[in-house]
2 protein chains.
Amino acid sequence: MKQPAKRTAFFISDGTGITSEALGHSLLAQFDSIEFEQITLPYIDTPDKAKEAVSRINNAAIQDGTRPLIFDTVVNEDIRSIIAESSAFKIDVFSSFLKPLESELDARSNYSVGKSHGIVEQTRYKDRIDSVNFAIDNDDGARTRQYANADIILVGVSRCGKTPTCLYMAMQFGIKAANYPLTEEDLEFSKLPDVLEAHKHKLYGLTIDSFQLAAIRHERRANSRYASLDQCDFEVREVEKLFKKLNIPAINTTNFSIEEISTRIMAQAGLNRRMN
Amino acid sequence: MKQPAKRTAFFISDGTGITSEALGHSLLAQFDSIEFEQITLPYIDTPDKAKEAVSRINNAAIQDGTRPLIFDTVVNEDIRSIIAESSAFKIDVFSSFLKPLESELDARSNYSVGKSHGIVEQTRYKDRIDSVNFAIDNDDGARTRQYANADIILVGVSRCGKTPTCLYMAMQFGIKAANYPLTEEDLEFSKLPDVLEAHKHKLYGLTIDSFQLAAIRHERRANSRYASLDQCDFEVREVEKLFKKLNIPAINTTNFSIEEISTRIMAQAGLNRRMN
């Protein structure tokens with residue numbers, strides 16, 4: 001049977017839409033023969049917004065010549081019943097899983113919106129803000145006197161991905177992550193800067209393919225020695241040698257997303273996610 | 001019926017575990033009468049790791065005196081069948097939804113790990129790194145000459161949550177977000193700094209309850225005028241007046257998580273998520 005050219009997928013939520021989006025992405029990624037237009041509709045928390053969503057969905061159905069997909073994590077029953085009237089194929093996350101969970105847990109779920117807030121959430125929020133501030137304050141070797149409080153210290157050559165990785169670990173998991181750039185000088189002497197020696201057990205290395213490093217550096221300083229393939233080759237080779245010599249665990253970031261780099265480091269370094 | 005004191009929930013994935021974690025959190029948040037210990041097991045991608053996971057699950061069952069819950073987003077069939085042998089109640093995300101999707105889409109899903117990588121992912125990665133760098137470069141009014149390239153510019157008093165919100169929007173959605181602190185002086189004259197005037201349509205205000213602001217500032221500079229409730233009261237009152245006078249849309253961050261603040265701003269400012 002011939003496939004339609006495109007399918008539209010809606011991720012619908014009465015909250016941020018992040019759960020529905022993550023789930024929908026993962027499921028749709030399993031169908032790489034089909035092109036999806038993916039639209040997130042967060043905060044669908046009133047009947048009016050739900051009706052507006054339904055009209056967007058129905059318009060997409062007409063446009064595509066085929067019914068859209070809906071990944072629905074709305075909790076409120078009134079909103080759900082409005083959305084159910086749209087001409088879409090619906091993956092209904094809560095109704096699929098809440099009933100079996102209720103019976104397994106021998107408890108009723110609170111079918112209400114926004115129940116997850118409160119004191120616990122507020123503490124988590126503060127932890128994460130603190131960790132984000134820590135990552136910024138301790139970015140790029142700017143300061144080193146807080147290293148005693150760090151959960152982990154990422155080391156690697158300039159532009160290998162240290163900063164976004166630290167920030168992601170802070171934001172997502174409340175991890176206090178510092179980072180320190182290893183310079184040409186460190187690499188020539190094949191030795192850690194003194195300031196890192198005391199914290200050697202907290203170090204984690206990032207490395208990257210030299211071709212990609214050159215491309216990234218090129219955008220920062222085009223045609224510089226810094227961005228040349230020779231220089232990148234040298235730095236990457238030496239930094240990998242150093243990691244090996246000092247038994248510093250390391251990950252090559254070239255083919256990984258920020259999420260993957262962060263979660264792999266945490267798993268390998270035995271750091272616990274603090275966002276549960 | 002009496003509830004057991006605690007249930008252990010495992011989020012199991014052959015990838016980052018982020019989807020399984022997000023889904024599991026959302027579902028368990030619907031049962032606030034029960035205390036859950038939540039454990040994420042990412043990168044369960046070999047039979048050995050799966051067997052280790054099963055032994056952790058079975059130990060938790062013994063410890064708790066009741067079977068744990070599993071939220072499973074493993075794709076690989078061999079791994080899945082090992083995990084299925086554990087003594088747990090399993091919410092099986094892929095098998096629940098992939099079959100109905102296959103039939104709706106009239107296509108087979110690729111039952112393989114890591115298929116979602118490739119050129120597309122790499123572009124997204126670069127976009128996000130660029131956006132994170134943009135957020136850092138344009139944090140706290142440090143630079144203003146790139147405002148023409150900003151998708152949005154957050155304004156508000158010191159410590160109201162601008163920086164983490166910018167970084168989250170960058171990291172999660174590839175949005176270029178700058179932020180600029182409104183100082184006492186700006187507030188006294190009840191007028192925007194000149195540098196913001198040209199970009200007024202990109203401004204979005206953050207505000208916060210003065211009591212919480214005082215608490216946050218207190219941690220930064222205890223017992224300072226900056227952290228006093230009087231000062232915080234004054235700044236918050238004036239900044240809210242300014243937002244109103246100039247028709248700058250604004251959000252009160254007090255009771256929201258970083259995800260909620262970010263996704264609400266994006267929805268209200270009409271910014272598209274770039275991570276689809």
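The values are calculated or read from the model by the stated rules, or taken from the named source; none is laboratory data. Just so you know, these numbers come straight off a predicted model, no measurement behind them. Positions of Cβ are backbone-derived with ideal geometry, glycine not excepted, and every protein chain shown enters the neighbour counts.
Can you tell me how many residues within the stretch B:219-234 are more than 10 Å from B:Arg159 (Cβ to Cβ) and surrounded by 17 or more Cβ atoms within 10 Å (Cβ to Cβ)?
Counting residues in the stretch B:219-234 that are more than 10 Å from B:Arg159 (Cβ to Cβ) and surrounded by 17 or more Cβ atoms within 10 Å (Cβ to Cβ) gives 1.
Within the stretch B:101-122, take every residue that is part of a loop (DSSP other than H, G, I, E, B) and at pLDDT 85 or above and give me the one that is surrounded by the fewest Cβ atoms within 10 Å (Cβ to Cβ).
Selected residue: B:Asp106.
Kindly provide the set of residues from the stretch B:247-267 that are touching a residue at least 40 places away in the same chain (Cβ under 8 Å), closer than 24 Å to B:His199 by Cβ and not β-branched (Val, Ile, Thr), ordered by number.
Passing the criteria: B:Pro249, B:Ala250, B:Asn252, B:Ser262, B:Met266.
What residue, among those in the stretch A:26-44 that are in a loop (DSSP other than H, G, I, E, B), under 14 Å from A:Asp72 (Cα atoms) and at the interface with chain B (Cβ under 8 Å from one of its Cβ atoms), is nearest to the chain's Cα centre (by Cα)?
A:Pro42
State all residues of the stretch A:45-66 that are closer than 22 Å to A:Ser95 by Cα, over 30 Å from the mean Cα position of the chain (by Cα) and in a loop (DSSP other than H, G, I, E, B); if no residue qualifies, say none.
Correct list: empty.
Can you tell me how many residues in the stretch A:241-263 are in a helix (DSSP H, G or I) and crowded, with 17+ Cβ neighbours inside 10 Å?
Number satisfying all stated conditions: 8.
Looking only at helices (runs of 4 or more DSSP H) that lie completely in the stretch A:151-199, which have at least 2 residues being hydroxyl-bearing (Ser, Thr, Tyr)?
A:162-173
Looking at the stretch A:82-94, can you tell me whether even one residue there is in contact (Cβ under 8 Å) with a residue 12 or more places away in the chain and of a type in the set (Phe, Trp, Tyr)?
yes
Out of all the residues in the stretch A:225-276, which are within 14 Å of another protein chain (Cβ to nearest Cβ), of a type in the set (Gly, Ala, Ser) and touching a helix residue (DSSP H, G or I) at 6+ places or on another chain (Cβ under 9 Å)?
Selection gives A:Ser257, A:Ser262, A:Ala269.
Considering every residue within the stretch A:47-57, establish whether at least one is more than 7 Å from chain B (Cβ to nearest Cβ) and of a type in the set (Val, Ile, Thr).
yes
Yes/no per residue for (1) touching a residue at least 40 places away in the same chain (Cβ under 8 Å); (2) closer than 20 Å to A:Phe256 by Cα; (3) of a type in the set (Ser, Thr, Tyr); (4) surrounded by fewer than 17 Cβ atoms within 10 Å (Cβ to Cβ):
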{"position": "A:Ile136", "(1), (2), (3), (4)": "no, no, no, no"}
{"position": "A:Gln146", "(1), (2), (3), (4)": "no, no, no, yes"}
{"position": "A:Asn149", "(1), (2), (3), (4)": "no, no, no, yes"}
{"position": "A:Ile152", "(1), (2), (3), (4)": "yes, yes, no, no"}
{"position": "A:Pro164", "(1), (2), (3), (4)": "yes, yes, no, no"}
{"position": "A:Lys200", "(1), (2), (3), (4)": "yes, no, no, yes"}
{"position": "A:Gly205", "(1), (2), (3), (4)": "yes, yes, no, no"}
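Quick one: count up the residues across the stretch A:1-25 that are of a type in the set (Lys, Arg) and in a loop (DSSP other than H, G, I, E, B).
So the answer is 2.
Listed here are the residues, each with its yes/no results for (1) farther than 19 Å from B:Leu101 by Cα; (2) modelled with pLDDT under 90.
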| site | (1), (2) |
| --- | --- |
| A:Gln63 | yes, no |
| A:Arg67 | no, no |
| A:Ile70 | no, no |
| A:Asn76 | yes, yes |
| A:Ser81 | yes, no |
| A:Ser86 | no, no |
| A:Val93 | no, yes |
| A:Lys99 | yes, yes |
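For the subset of the stretch B:123-145 comprising residues that are more than 9 Å from chain A (Cβ to nearest Cβ), assigned to a helix (DSSP H, G or I) and of a type in the set (S, T, N, Q), which member is farthest from A:Asp139 (Cα to Cα)?
The qualifying residue farthest from A:Asp139 (Cα to Cα) is B:Thr123.
Here are the criteria: (1) within 12 Å of chain B (Cβ to nearest Cβ); (2) farther than 20 Å from A:Thr40 by Cβ. Tell me which single one A:Val93 does not satisfy.
So A:Val93 meets the others, but not (2).
Identify all residues within the stretch B:166-178 that are touching a residue at least 60 places away in the same chain (Cβ under 8 Å) and either surrounded by fewer than 21 Cβ atoms within 10 Å (Cβ to Cβ) or of a type in the set (A, V, I, L, M) (or both); write none if there are none.
Answer for the stretch B:166-178, where residues must be touching a residue at least 60 places away in the same chain (Cβ under 8 Å) and either surrounded by fewer than 21 Cβ atoms within 10 Å (Cβ to Cβ) or of a type in the set (A, V, I, L, M) (or both): B:Met169, B:Ile175.
Residues in the stretch A:174-219 that are touching a Ser or Thr at 6+ places or on another chain (Cβ under 9 Å) and of a type in the set (Lys, Arg): how many?
2
Among the residues of the stretch B:179-198, how many are free of Cβ contacts under 8 Å to residues at least 60 places away in the same chain, surrounded by 18 or more Cβ atoms within 10 Å (Cβ to Cβ) and of a type in the set (A, V, I, L, M)?
3
Could you look through the stretch B:3-37, keep only residues that are hydroxyl-bearing (Ser, Thr, Tyr) and touching a Ser or Thr at 6+ places or on another chain (Cβ under 8 Å), and pick out the one that is nearest to B:Leu69 (Cα to Cα)?
The residue in question is B:Ser20.
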